[in-house]
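Here is the structure we will look at.
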Amino acid sequence: MFNSLNDISTTIFSGWIVTWPTSLFAIIWLAFAASWIAASVWSGRTKTAVRTLNAWVYRGPILLGAIFLAPPVEHLLGATPLYHLSNSVTYGLALVVVLGLCFTWWARIHLGRFWSNAITHKEDHRIIDTGPYGVVRHPIYTGQIVGMIATGIAIGNWAAILGTLLIPFGEWQKARMEERFLSVELGTDAYAAYCRRVPMIVPFLKAG
């Protein structure tokens, strides 16, 4: 337990988030989050959306994963590193995170005003099957999952690894819910044809 304010501040400002070189991952993700939030105004008008209560099917695992990734929680759980990576491996993993997030941003830009943080049907919405959406049906999630898994490997304690598995699971759940929703909204036959051509999240896997 915490015995003083000093203990609390030490716990909050400690762990992988300020420990070099894994603090590099915190910088990358904070920069990504800031840019993503700043761009959130670039979105079309919503026509219909999934109910907030139903959305907790995917929001729950994502929130729980984020909790496990928080250094104070890892401190409370006594989650120490399971292994130690060399600097070159850590920097290689950081590059993987950057590349994954670049893929995510490419998809975000390509989607344009059809993008939404929630599962929605935008006005004039149509199936986008070009650019990154010709590689996978959910490239935003693909890039984030790649970056998240690389981050978990770099941090290397069991809580972080669990967190970086829960978040991709939540995004996979979101992708499944999104596909059911868009199949109804955009036409079952048209969306089914797209699903037969393009893999869901993992490139080059059999589509379906």
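The values are calculated or read from the model by the stated rules, or taken from the named source; none is laboratory data. Here the structure is a predicted model, which is why all the values come from computation and not from measurement. Here Cβ is always computed from backbone atoms with ideal geometry, including for glycine, and neighbour counts include all displayed protein chains. Side chains are part of the model used for accessible areas, which takes the heavy atoms of the whole protein and leaves out ligands, DNA and RNA. Shrake-Rupley method; radii C 1.70, N 1.55, O 1.52, S 1.80 Å.
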(request) For Leu30, indicate whether it is under 20 Å from Ile140 (Cα atoms), at pLDDT 85 or above and open to solvent by 20 Å² or more (accessible area, probe 1.4 Å). (result) yes
(message) Filter segment 1-27 down to the residues that are open to solvent by less than 70 Å² (accessible area, probe 1.4 Å), at pLDDT below 80, outside any loop (DSSP other than H, G, I, E, B) and among the polar types (S, T, N, Q) and list them by number.
(response) Ser9, Thr11
(request) With the checklist (1) open to solvent by 30 Å² or more (accessible area, probe 1.4 Å); (2) at pLDDT 90 or above in hand, flag the one item Gly60 doesn't pass. (result) (1)
(request) Hey, can you tell me all the residues within segment 170-208 that are open to solvent by 20 Å² or more (accessible area, probe 1.4 Å), closer than 15 Å to Ile127 by Cβ and in a loop (DSSP other than H, G, I, E, B)? (result) Gly187, Met200, Ala207
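Taking the options Ile167, Ile145, Ile140, Ile128, name whichever one is part of a loop (DSSP other than H, G, I, E, B) and open to solvent by less than 30 Å² (accessible area, probe 1.4 Å).
Values: Ile167 fails: part of a loop (DSSP other than H, G, I, E, B); Ile145 fails: part of a loop (DSSP other than H, G, I, E, B); Ile140 fails: part of a loop (DSSP other than H, G, I, E, B).
Only one candidate passes the filter, namely Ile128.
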(message) Cβ-Cβ distance below 8 Å, separation of 6 or more or different chains: which pairs start in segment 116-136 with a residue that is polar (S, T, N, Q) and end on one that is open to solvent by less than 40 Å² (accessible area, probe 1.4 Å) and at pLDDT below 80?
(response) Ser116/Ser43; Ser116/Lys122; Thr120/Val50
